[in-house]
Amino acid sequence: MGVSPSPQTDLTTLQKQQGATFAPGSPVPLSFGNDEAARSAALTGVALVDRSHWGRIRVGDRDCRRFLHNQTTNQIEQLPPGRCCDTVFVTSTGRTLDLATAYSDADSITLMVSPGQAEPLLAWMDRYIFFADKVTLQDETATTIAFTLMGPASGEVLAHVGIAPEAIPAPQHHTPVSLQAVPVRLGADSGLGLPGYTLIAPVTAAAGLWCQLSEAGAIPLGERGWEHLRVERGRPLAGAELTADYNPLEAGLWGAVSFDKGCYIGQETIARLNTYQGVKQQLWGLTLSAAADPGTPITQGDTKVGVLTSVVATPDGWRGLGYIRTKAGGAGLTVTVGAATAQVVDIPLASRGY
């Protein structure tokens, strides 16, 4: 008896038919052979990105809001059903673990976390569930998919696949919708601060949903194009800008931190940084004259003022992200990164408290 193709196999086959190439062993399309056109679509039309390799964790039961409120930086306990927000997992010393998007439902909260972070975050949270806590944790990464529409024409694609205008959520909201009898969570969030929506659905619907969205006019965008946009927009990523070396305020994530909520893990450190203006380094964008490896020191004259954390080659040249000492300056500063010279530029997603 033959073995039926898996939903992932069906999706991969469809994406290959659209020109996708894959890195060895990766289920994520690296490129559809249209990087620049797809990047342009994300900015001026609509692009479609497969983010199924990002983690999805459902936190459920009676105490789920209080639990996540105590675990992360944003105001989760008062997040009503149908709303979503970014929040940061931090260590007891305020160092970053990951940036997550929290989707609030009546009886649970679904977290979308960085690629590869679902398992370590599940283990982290499990350490803090005590006997009396009514909290459940479920990894839904393998049983769901996540596709993101990105660009100003994203709403037109949703309308084309049959979602009524009144059913499309406002920014920082999400809602359940049905596409050809498939239940979909539709969130008004692109992950990069651009207009767009993220659709989370059962993995069994993967190929059909991707086909609907691409046939409706969305241009497939591979991981390489996403990474270009991520660096240009300044979204910090776990393992690069979000590590035990940095805190959320240094990463430009002030908008994901509540300074009015009660105690949470790492709260004392972050509160002191805010009160005493103690942010000693900040994340900035860089336009580089040549390639450089992440981890390369950023210098001004003979003085080290920071470190490069990400770098990509774009049609417009080399672009990077890096942490630079607050006292050294910010946008407009000229620095050296290895053998390259670089101009420090602002990044759209960074929020800065002072």
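The values are calculated or read from the model by the stated rules, or taken from the named source; none is laboratory data. Please read all numbers here as calculations on a predicted model, not as lab measurements. For neighbour counting, all protein chains shown are included, and Cβ atoms are generated from backbone atoms with ideal geometry for every residue, glycine included. Protein only, heavy atoms only, side chains kept; ligands, DNA and RNA dropped before computing areas. Shrake-Rupley method; radii C 1.70, N 1.55, O 1.52, S 1.80 Å.
General remarks:
- Using bins of 5 Å that start at zero, the share of Cα-Cα pairs per bin across region 215-354 amounts to 2, 10, 20, 21, 18, 12, 8, 6, 3, 1, 0, in whole %.
- Treating each Cα of region 1-86 as one equal point scatterer and applying the Debye formula with no solvent, the log10 of I(q)/I(0) at q = 0.15, 0.19 Å⁻¹ comes out as -0.82, -0.91.
- When shorter helices are ignored and each DSSP H run of at least 4 residues is given -39500 (n - 2.57), the per-residue value for the chain at 222 nm works out to -6000 deg cm²/dmol.
- Within the same chain, lysines fewer than 8 places from Lys327 are excluded, and of the rest, those with a Cα less than 25 Å from its Cα are Lys280, Lys304.
- Phi angles of region 31-37 translate, via the Karplus equation with coefficients 6.51, -1.76, 1.60 and θ = phi - 60°, into HN-Hα couplings of 7, 9, x, 9, 3, 6, 5 Hz per residue; Gly and Pro are given as x.
- Table column - 3J(HN,Hα) (Hz), region 98-107, Karplus curve with 6.51, -1.76, 1.60, x for Gly and Pro: 6, 9, 10, 9, 9, 9, 8, 10, 5, 10
- Based on protein heavy atoms only, the chain ends up with 43 Å² per residue of surface accessible to a 1.4 Å probe.
- Long-range amide H partners of Glu77 with built H, under 5 Å: His69
- Summary value for the chain: 19 percent relative contact order, contacts being C-alpha pairs under 8 angstrom separated by 6+ residues.
- Counting only Cβ charges, +1 for Lys and Arg and -1 for Asp and Glu, the dipole size of the chain around its Cα centre is about 620 debye.
- Database remark: amide H of Ser52 closer than 5 angstrom to the amide H of Ala146 (H placed geometrically; neighbours at sequence offset of 5 or more, or on other chains; Pro and chain starts carry no H).
- For Leu333, residues with placed amide H under 5 Å, excluding near neighbours: Val344
- Carbon/sulfur fraction of accessible area - region 168-262, other protein chains in place, 1.4 Å, %: 54
- In the chain, inverting the average of 1/r over every pair of distinct C-alpha atoms gives 21.1 Å as the Kirkwood radius.
- Based on alpha carbons, the Rg and Dmax found for region 30-158 are 16.7, 54 Å.
- Karplus 3J(HN,Hα) series, Hz, for region 68-83 with 6.51 cos²θ - 1.76 cosθ + 1.60 (x for Gly, Pro): 5, 4, 7, 9, 10, 7, 9, 7, 8, 4, 9, 7, x, x, x, 9
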